[in-house]
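Peer 1: The structure's right below; bear with me while I get my questions together.
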Amino acid sequence: MSIAKQHELHKRRFGRNVGLGLVLAAFIVIVFGMTVVKVTNGNFSAALQGNAQVQNGN
Amino acid sequence: MTDLSTNTTVTASQPGEAQFGDYFALLKPRVMTLVVFTALVGLLAAPTPVHPFIGFCAILFIAVGGGASGALNMWWDADIDAVMKRTVKRPIPAGRVQPQEALAFGLALSVFSCVFLGLATNWLAGGLLAFTIFFYVVIYTMWLKRSTPQNIVIGGAAGAFPPMIGWAAATGSVSVEAVLMFCLTFMWTPPHFWALALFMRSDYDDAGVPMLTVTHGRRATRVHILVYTVLLAALAIGTGFTAIGGPVYLAVALVLNALFLKGAWEIFRRDEADSEADNFKTEKRFFKLSLLYLFAHFGAILAEAGLAQFGLGGWA
């Protein structure tokens, strides 16, 4: 009985858990993306080149 | 044994268990489309360019803030939602979400959206979003909605803020153009909702909400719709000669305001017998037109901003 109930519970909450998981994943992407844009002042490629120049000692 | 007890308890609560869609419904997604669209227009019509990702985040946070205020509105209005036909299936009156859950959900999203909009863009935009949520929840929902027939007029300001927030997110300031976009939505709200109140007539009576139809009668409501529509038409067409207007906007405004005025005039001329005879056909048509009206006006502002990229928009 307990196994069947537990299984049913997981099944019933599957949609809610997947939804919450997607929201959390989206939140991570948003925070990461905002950080990249702010740190690089919106110019990602120039920031990468600048980093490469620093590593090359220029 | 403990596991079995726990599972039995959870299973017993199944009828009231909220699904993901119920939490989403708390955010009033249909209202959110208006918020997203008008905020997007405010952001894109602004003269200051915004990084696409920051622009996307700004619109998302404004939408979440608007949704949060919707959740708080549903928490406070759960009692009247339960007696209105239009709202009885909402998650709280339907018993799928507990009122305290909606309160916590709304408060958490309110803080999240304002802080993140401030971090993503600027604190003026974040502050305006916070004020909008406060205005909608405290001034409109808690105070005006149940105390004055002017609830829709003053409360309409809450729905008018998004384009101003979008503009502030891009520019860091509030200008005349942002105020004009605010006024457009603000003046549009009363005829839009009063038309709805005319054909959803028993709902507001049953809930005891002092809508104009209940306190001043249906004849007075028809007069008010006409007066506000005339004022709105003057504002909407006048906006066509400002920096956010242009030939495209003016053409759209002239056509739609002529139709809107015609609709308001027809509503004014009808009496209850006429309306009941055709099941409020004219009032329903006016309500549908009001939705197109607002989207088309903001769409035209967006078109002018888009054409300006090619040196074609506006009057210059």
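The values are calculated or read from the model by the stated rules, or taken from the named source; none is laboratory data. Note that this is a predicted model, so its numbers are computed, not measured. Reconstructed Cβ throughout: ideal geometry from the backbone, glycine too, with neighbour counts over all protein chains shown. The protein model used for the area step is the full one, side chains on, heavy atoms only, and it has no ligands, DNA or RNA in it. Shrake-Rupley method; radii C 1.70, N 1.55, O 1.52, S 1.80 Å.
Peer 1: Of the accessible area of chain B, with the probe set at 1.4 angstrom, what percent is carbon plus sulfur?
Peer 2: 71 percent
Peer 1: Which chymotrypsin sites (Phe, Trp or Tyr not before Pro) from region B:247-311 combine a DSSP loop assignment with at most 13 other Cβ atoms within 10 Å?
Peer 2: Answer in residue order: B:PHE310.
Peer 1: Working from the pairwise distances between different alpha carbons, so that the mean of 1/r is found and then inverted, what is region B:175-316's Kirkwood radius in Å?
Peer 2: This gives a value of 15.9 Å.
Peer 1: To continue, here is another question. Which helices count as membrane-span-like in chain B under these terms: full DSSP H, at least 24 Å along the axis by C-alpha, Kyte-Doolittle mean of 0.0 or more?
Peer 2: B:52-76, B:99-120, B:151-171, B:176-199, B:217-239, B:247-269, B:281-308
Peer 1: Then there is this: Provide a list, ordered by number, of residues in region A:10-51 showing at least 30 Å² less accessible area with every protein chain present than when their chain is taken on its own, using a 1.4 Å probe.
Peer 2: A:ARG12, A:ARG13, A:ARG16, A:PHE27, A:ILE30, A:MET34, A:VAL37, A:LYS38
Peer 1: Next question. Taking Cα pairs under 8 Å and at least six residues apart, what relative contact order does chain B come out at, in percent?
Peer 2: Here the relative contact order equals 18 percent.
Peer 1: So who's got an amide H within less than 5 Å of the one on B:VAL50, skipping anything under 5 residues away but keeping other chains? H placed 1.01 Å off N, in plane.
Peer 2: Close amide H contacts, sequence-distant or interchain: none at all.
Peer 1: Solvent-accessible area of B:ILE152, probe 1.4 Å, all protein chains present, reported in Å² to the nearest ten, please.
Peer 2: 10 Å²
Peer 1: From largest accessible area down, sort A:THR35, B:THR38, B:THR148; use a 1.4 Å probe on the protein chains.
Peer 2: The most accessible residue leads, giving A:THR35, B:THR148, B:THR38.
Peer 1: Using only protein heavy atoms and a 1.4 Å probe, report how much of B:TYR140 is accessible, in Å² to the nearest 10.
Peer 2: Looks like 30 Å² after rounding.
Peer 1: Arrange the residues B:ILE267, A:ILE30 by how much accessible surface each exposes, largest first, with a 1.4 angstrom probe.
Peer 2: Largest accessible area first, the residues go A:ILE30, B:ILE267.
Peer 1: If the cut-off is a Cα-Cα distance under 16 Å, which lysines reach B:LYS284, setting aside same-chain residues fewer than 8 apart in sequence?
Peer 2: Answer for B:LYS284, where 16 Å is the Cα cut-off: B:LYS262, listed by chain and number.
Peer 1: Still on this structure, please answer the following. Accessible area lost on pairing B with A, both sides, 1.4 Å probe, Å² to nearest 100?
Peer 2: Chains B and A together bury approximately 1800 Å².
Peer 1: For every helix of n ≥ 4 consecutive DSSP H residues, a contribution of -39,500 (n - 2.57) applies; sum these over chain B, divide by its total residues, and give [θ] at 222 nm rounded to the nearest 500 deg cm²/dmol.
Peer 2: So the helix-based figure for chain B works out to -24500 deg cm²/dmol.
Peer 1: Still on this structure: How big is the C-alpha Rg of chain B next to the rule-of-thumb value 2.2 N^0.38 Å, as a ratio?
Peer 2: After normalising by residue count via 2.2 N^0.38 Å, the value is 1.08.
Peer 1: Then there's this: Working from the pairwise distances between different alpha carbons, so that the mean of 1/r is found and then inverted, what is the protein assembly as shown's Kirkwood radius in Å?
Peer 2: 22.9 Å
Peer 1: How big is the accessible area of B:TRP75 in square angstrom, nearest 10, if you roll a 1.4 angstrom probe over the protein chains?
Peer 2: Spelled out: B:TRP75, probe radius 1.4 Å, area about 60 Å².
Peer 1: Right, next: With a probe of 1.4 Å, find how much accessible area the protein assembly as shown has per residue, and write the answer as a whole number in Å².
Peer 2: Using a 1.4 Å probe on heavy atoms only, each residue of the protein assembly as shown averages 48 Å².
Peer 1: Here is a further query. Could you tell me the relative contact order of region B:18-173? Use alpha-carbon pairs under 8 Å, at least six residues apart, and round to a whole percent.
Peer 2: Averaging sequence separation for qualifying contacts and normalising by length gives 35 percent for region B:18-173.
Peer 1: Continuing with the same structure: Please state the relative contact order of region B:53-120 as a whole percent: Cα pairs under 8 Å, 6+ residues apart?
Peer 2: Reported relative contact order: 47 percent.
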